[in-house]
Structure formats: structure tokens, C-alpha cells
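Peer 1: Sharing a structure here in C-alpha cells format.
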Amino acid sequence: MAFSPRFAPVARSLRNCQRPVKYVQRIRPVAQIRWTGSTSATSEPFQPSDEGGTKGQSYSAKEIKFTSEAYPHIKKDPKFTQLSTEHVQWFKDLLGSESAVIDSLSNNNAADDIEPYNADWMRKFRGHTKLVVKPESTEQVSKMLKYCNDNMLAVVPQGGNTGLVGGSVPVFDEIVINLSRMNNIRSFDEVSGILVADAGVILEVADNFLAEKNHIFPLDLGAKGSCQIGGNVATNAGGLRLLRYGSMHANVLGIEAVMPDGTVMDDLSKLRKNNTGYDLKQLFIGGEGTIGIITGISILCPQRSPAVNVAYFGLESYNKVQQAFIEAKKQLSEILSAFELMDGKTQKYLAQVKGRKLPIEGEHPFYCLLETSGSNTDHDSEKLQTYLEHVMGEGIVEDGVVGQDATQNADLWSCREGITEILGHWGGVYKYDLSIPIGEMYDLVNETRDKLTKAGLVGDDDSHPVVDVVGYGHVGDANLHLNIPTRRFDKAVERELEPFVYEWVAKRNGSISAEHGLGITKKPYIGYSKSDTMVKLMKQIKELYDPVSIVLLDVGTPI
Ligand code: MLT
Ligand code: ZN
């Protein structure tokens with residue numbers, strides 16, 4: 001197969017093959033987009049409303065509608081005690097540091113300081129907490145939970161607050177237990193690759209630490225600069241390299257967690273094999289903090305690959321995306337580390353909102369980002385080049401580029417990682433994170449777009465609530481992110497979307513939450529993905545470990 005001049009191969013292969021190429025120097029490196037997990041997120045406010053409404057203007061975090069007003073059917077359980085200044089003083093005495101407690105109950109001046117802990121980064125949810133506490137040891141978490149359990153004080157655990165389903169912020173006045181001060185790397189074993197660290201270590205900090213030891217954290221996300229590894233484990237975050245390394249369920253070897261009554265479950269095992277009965281740590285992975293707070297993890301970290309290549313290409317149909325993926329598995333097998341999907345609309349809006357040029361010319365209905373990670377540059381480059389020649393020669397791929405250094409690779413990744421943030425540009429986003437059989441994955445985007453268009457809700461001007469319907473995600477994991485960027489939240493849109501999306505997914509035995517968790521938003525719909533029996537068993541686990549239910553968000557109870 002002749003090599004297509006439209007692809008720019010990596011530098012080494014270029015020297016070897018002496019073929020005509022298109023260079024990628026035109027790619028302008030941009031600062032990597034980070035989810036800030038704070039009120040400085042650049043996306044416009046997400047303003048859910050039961051009444052719908054037209055909320056076009058900007059709101060500060062303080063102006064976000066309270067979750068308790070946006071979702072009036074969520075009721076505070078009257079069994080909980082009202083927070084008092086005596087309670088607050090108990091926490092101050094325990095933590096003994098001014099910076100470890102933010103208290104707006106006895107200190108009116110703290111009202112602004114507490115807001116970033118009440119609101120999520122999308123500005124979609126806002127609670128009423130008056131107390132944020134930041135323990136720095138497992139022992140302190142244990143004492144706190146025991147105290148809260150004994151005094152009927154509700155709590156919400158919080159990591160980097162980068163979640164997408166409203167699980168890390170209070171709804172009412174729950175005490176926020178923020179893990180950010182528990183940020184020590186406890187140990188790393190270079191022979192086994194096992195890292196033991198506090199839950200509050202930021203993912204990127206852990207990964208940078210591991211980079212110095214030639215290892216890699218087996219999870220990567222757009223939010224890496226803000227999210228915390230304890231939160232990643234608690235939500236079983238999937239991310240960009242699940243295809244290669246598997247989920248948190250596969251990599252976490254041990255967990256230290258504090259149960260709601262203050263009992264410390266010390267299962268910080270460093271064993272890969274431990275066949276001694278129930279694997280209780282798995283209940284905490286993806287448990288979203290409902291049965292206890294993770295304070296430390298032990299995780300198996302792979303060797304860092306010295307040879308990383310990233311290719312970004314355009315394709316004319318979703319069928320071609322699947323063909324490109326099949327070929328990638330066949331030809332790149334053991335070095336394939338990511339295969340991501342971005343539809344043409346996400347890339348068009350990314351260019352528009354960011355005011356940036358895309359890596360390749362022209363408009364393509366679909367784009368893919370492929371990454372290889374291996375141990376031998378020559379071998380990997382040759383394999384990738386053979387793959388690219390094949391997919392170009394067979395007409396599977398229309399055009400593409402390959403990054404030639406780490407900066408260009410990061411720039412190509414930013415075309416994928418930057419999507420989440422830019423979709424908030426027009427006001428808000430309806431977000432669905434779905435597992436669907438790969439073959440049918442994109443049909444849902446088309447059908448949703450047709451449905452909303454037929455209902456007259458999609459358009460270019462302000463008279464239409466919906467800007468567009470877009471799809472992106474992790475092809476390799478059959479995980480679609482169906483997103484509907486909107487100018488305002490509107491009941492008419494919601495009626496078209498739900499239960500349609502959930503029914504569509506359930507019909508295909510998919511999951512209504514592939515990697516984001518249930519949180520506040522998806523919890524009422526668990527029945528679309530789990531049977532009554534399974535929900536009942538989950539509720540029994542919750543009741544067993546948190547009988548008082550001080551850690552809110554009890555899985556399985558419709559809100
Ligand atoms: C992603 O894959 O980019 C994240 O899961 C976030 C999102 O769904 O927007
Ligand atoms: Zn994702």
C-alpha cells in the first residue's frame with residue numbers, strides 16, 4: 001500500500017522511510033485545559049431549574065441555584081441535628097488549626113470562603129453547608145465520623161470536586177469533609193510498582209511523582225490537575241487509558257477507609273493475590289463514599305512507556321471509526337493505549353470557542369485520537385506507520401497527523417480533553433455518560449438530535465434552547481458521552497430527553513452511567529441499569545455499613 005502524503009509520521013520513521021510527508025509544525029501548542037474544580041472554571045453557569053426558564057447571563061458561584069430549590073423533591077431527613085456552635089468548636093479543637101476549618105456558622109466573614117465547597121465546578125449544584133473540615137490523618141477522619149454518627153450530623157466527603165453528577169457537594173447543610181490536606185505519598189516500591197498514598201493526593205501530583213520513578217498512574221483524566229486519587233477510586237473514574245490499564249477495580253490493591261461509625265478498615269494490602277474471602281475493598285471502589293470515606297489507597301502502577309505516539313485523524317463515518325478501531329487492535333495490539341472518539345461538531349465548537357486551529361484541515365464528520373505506549377521507539381513507530389498507511393490506503397481514514405514530540409502530543413490530546421469545558425460555553429449542558437454496544441453507540445446521538453430537532457428545540461438563535469447534540473467518548477471502552485449544550489434549561493427539552501435516553505440504553509442492556517457514577521443526577525434512574533434484586537442488595541449493604549445514613553447519597557433510594 002502506498003504511503004499517503006497526508007499523514008505526518010513520527011520523526012524517526014520519517015528518516016527511515018524518506019517518504020513525502022506533511023509536517024505538523026503548524027500545530028500550536030496550547031496550555032492543557034484543566035477542570036479547575038473551583039469557581040474559576042471558565043464554563044458558564046449550569047442552572048438547572050424545575051421550572052425551566054431563561055438564564056442567559058453570567059452567575060457567580062454564589063448565584064447558582066440551590067440544589068434543594070432546583071430539586072425540591074429531595075427532602076432533608078428531619079432526623080439530622082442542626083449544626084450548632086458547640087459542634088463547630090468540637091471540630092476546631094480536634095483539628096487545632098485555623099486553616100483546617102471553614103466555619104460560616106459562627107463567622108459571617110467566612111460566607112465567601114465556603115462557597116467553592118458548596119458548589120460543583122460546573123456550577124450546577126449548590127449546597128448550604130456552614131462547615132468545611134479538612135482532616136490531615138485517618139485518625140482525625142475516624143474521630144469525626146464517630147462524632148457525627150453519635151450526634152446525627154450528616155456529612156459529605158469531598159475530594160477535588162471535579163465530578164459530573166453532583167456527588168461531591170452538599171445538598172443541605174451536611175458537613176463537608178474535604179480530603180485535600182491528606183496529601184502524602186506514603187511509599188513506592190520500584191520492584192513491584194506499588195504506590196501507597198493518601199486519598200487527597202492530586203492525580204497529576206501522583207503521576208509526576210511516578211514519572212520520576214519511570215512509572216505511570218494507571219488512570220488519566222482531563223481533570224488530573226484538580227481531582228484527587230481517593231475521589232478517583234471512590235467514583236471508579238474511567239478516563240482516557242482504561243482501554244490499556246483497566247478500571248480502578250483492576251488496579252487498586254488495597255484501601256484504607258473509615259466507616260460511618262468511625263471504624264477504620266485497614267485493608268491497605270500490597271498483594272496482587274489474596275484469595276481469602278470477600279474482596280471488601282471493591283465495595284468502596286465506585287461506592288461514591290456511601291459506605292465510608294477512603295483515606296488511603298494502594299495501587300499497582302505500570303512501568304512508564306518511553307515511546308509514546310499520538311495520532312489524530314478525520315473519518316467520514318462512524319462505520320469507518322469502527323474499522324479504524326478494529327485495525328488498531330489488530331495491528332497495534334499490545335502498544336495501543338487509547339482510542340478516543342470526537343464527532344465533527346465537538347471539534348468545530350472546540351475551534352470556535354477556543355479560537356484555535358484544528359490539527360487537520362477541512363471538516364470531517366468524525367475524528368479519532370489514537371495513542372500508542374511501548375518500550376521501543378523504532379518498533380512502535382514502525383508499527384504505527386504501517387497502521388496509518390493501511391487505514392489511509394484503504395480509505396478508512398481521510399486525513400491525519402502524528403505528534404512529533406511531547407508538546408505536540410499534548411496539543412493533540414487537548415482536542416479531546418478540552419471538549420468537556422467548551423460545551424458549557426452557551427449556558428449549560430445536559431450530560432449523559434453511557435455504556436452502549438460499540439456498533440450502536442453513535443446512533444443515539446443521531447436519534448437524539450433528530451428528536452430534539454423535530455420538536456423544534458435546536459437552532460442557531462436564542463429562540464431555541466438547544467445549541468446542538470454532540471457525541472464523544474472512549475470508543476475502546478464502548479463509552480459514549482452524549483452531550484446537549486444549551487442556552488438555557490427547559491422542561492420541554494428534558495421531556496424529550498428523559499426517559500428516552502435511559503430507555504434507549506436499557507433496551508440495549510447498556511449502562512446509564514459508564515464512568516461518572518450516580519451522584520444526585522443519575523441515582524433516580526438506577527433501575528434502568530440494575531435489577532430490583534441488585535438494588536435491594538445494594539441497599540442492604542448501605543444499611544449494614546451506614547445504618548444511621550450519615551453519609552448521604554444512599555445508593556438505590558430514589559430521590
Ligand atoms: C471525558 O471523557 O472527557 C470525561 O468523562 C468528561 C465528560 O464526559 O465530559
Ligand atoms: Zn469520559
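Peer 1: What are the principal axis extents of the Cα atoms in segment 400-471, in Å, biggest first?
Peer 2: Largest first, segment 400-471 extends 47, 32, 21 Å along its Cα principal axes.
Peer 1: Can you give the convex hull volume per residue for the Cα atoms of segment 417-559, as a whole number of Å³?
Peer 2: In segment 417-559, the Cα hull volume divided by residue count equals 127 Å³.
Peer 1: I'd like the orientation of helix 406-417 relative to the chain: the angle between its Cα long axis and the longest Cα principal axis, in ° from 0 to 90, rounded to 10.
Peer 2: It works out to around 60 degrees.
Peer 1: Using alpha carbons only, how many degrees (0 to 90, rounded to 10) separate the axis of helix 203-212 from the longest principal axis of the chain?
Peer 2: Tilt relative to the chain: about 60 degrees.
Peer 1: Here's something else I'd like to know. State the number of lysine pairs found in segment 185-300 whose Cα atoms come within less than 19 Å, restricting to pairs 8 or more positions apart or on distinct chains.
Peer 2: Pairs that pass both the separation and distance tests number 4.
Peer 1: Quote the FRET efficiency, to the nearest 0.05, computed for LEU94 versus THR263 with a Förster distance R0 of 30 Å and r equal to the Cβ-Cβ distance.
Peer 2: 0.95
Peer 1: By its C-alpha gyration tensor, with a ≥ b ≥ c as the square roots of the eigenvalues, how is segment 101-198 shaped: rounded for a/c under 1.5, else prolate for a/b larger than b/c, else oblate?
Peer 2: Prolate, because a/c is 1.5 or more and a/b exceeds b/c.
Peer 1: How would you rank PHE80, PHE489, PHE125, going from fewest to most other Cβ atoms within 10 Å of each one's own Cβ?
Peer 2: By the 10 Å Cβ count, ascending, the order reads PHE80, PHE489, PHE125.
Peer 1: Kirkwood Rh over Cα pairs of the chain into Stokes-Einstein at 20 °C, 1.002 mPa s: D in µm²/s?
Peer 2: Diffusion coefficient, whole number: 88 µm²/s.
Peer 1: So what's the angle, to the nearest 10 degrees on a 0 to 90 scale, between helix 532-545 and the longest Cα principal axis of the chain?
Peer 2: That works out to roughly 50 degrees.
Peer 1: Can you list residues whose amide H is under 5 Å from GLY296's amide H, if they're 5+ apart or on another chain and H is modeled 1.01 Å from N?
Peer 2: When sequence neighbours closer than 5 places are left aside, the close amide H contacts are ALA199, GLU256.
Peer 1: Write down the radius of gyration of segment 185-300 and its Dmax, each obtained from C-alpha positions, in Å.
Peer 2: Every Cα atom of segment 185-300 included, Rg and Dmax give 13.2, 40 Å.
Peer 1: Return LEU350, LEU95 ranked ascending by Cβ neighbour count within 10 Å, so the fewest neighbours appear first.
Peer 2: LEU95, LEU350
Peer 1: Same structure again: Considering all alpha-carbon pairs of segment 256-398, what whole percent are spaced by more than 24 angstrom?
Peer 2: Value for segment 256-398 (Cα pairs over 24 Å): 55 percent.
Peer 1: As a check on your grasp of the helix formula, calculate [θ] at 222 nm for the chain: sum -39500 (n - 2.57) over DSSP H runs of n ≥ 4, divide by the residue count, round to the nearest 500.
Peer 2: Estimated from H runs of four or more residues: -8500 deg cm²/dmol.
Peer 1: Quick one: of LYS76/LYS124; LYS76/LYS522; LYS431/LYS454; LYS507/LYS542; LYS65/LYS530; LYS320/LYS451, which pairs are farther than 22 Å apart, Cα to Cα?
Peer 2: Long pairs (Cα-Cα over 22 Å): LYS507/LYS542; LYS65/LYS530; LYS320/LYS451.
Peer 1: Going by C-beta contacts inside 10 Å, put LYS542, LYS273 in order with the fewest on the left.
Peer 2: Ascending Cβ contact count within 10 Å gives the list LYS273, LYS542.
Peer 1: While we're here: Once each part is reduced to its C-alpha centroid, what is the distance from segment 460-502 to segment 387-429 in angstrom?
Peer 2: 22 Å
Peer 1: May I pose another question? Provide the net charge surrounding GLU394, with neighbours chosen by a C-beta distance below 11 Å and charges set as Lys +1, Arg +1, Asp -1, Glu -1.
Peer 2: Residues near GLU394 contribute -1 overall.
Peer 1: Here's a follow-up. For segment 319-386, rounded, prolate or oblate, judged on the Cα gyration tensor with a ≥ b ≥ c (square roots of eigenvalues), a/c < 1.5 rounded, else prolate if a/b > b/c?
Peer 2: Prolate shape, in that a/c is at least 1.5 and a/b is the bigger ratio.
Peer 1: What percent does the relative contact order of the chain come to when contacts are Cα pairs within less than 8 Å and at least six residues apart?
Peer 2: It comes to 18 percent, rounded to a whole number.
Peer 1: Taking amide hydrogens as modeled 1.01 Å from N in the peptide plane, which residues meet the under 5 Å criterion relative to HIS215, leaving out close sequence neighbours?
Peer 2: ARG304
Bear in mind that the values in this text are calculations on the coordinates, not laboratory data. Remember, predicted model here, so these are calculated numbers, not experimental data. Counting neighbours? That spans all protein chains shown, and the Cβs are built from the backbone with ideal geometry, glycine included.
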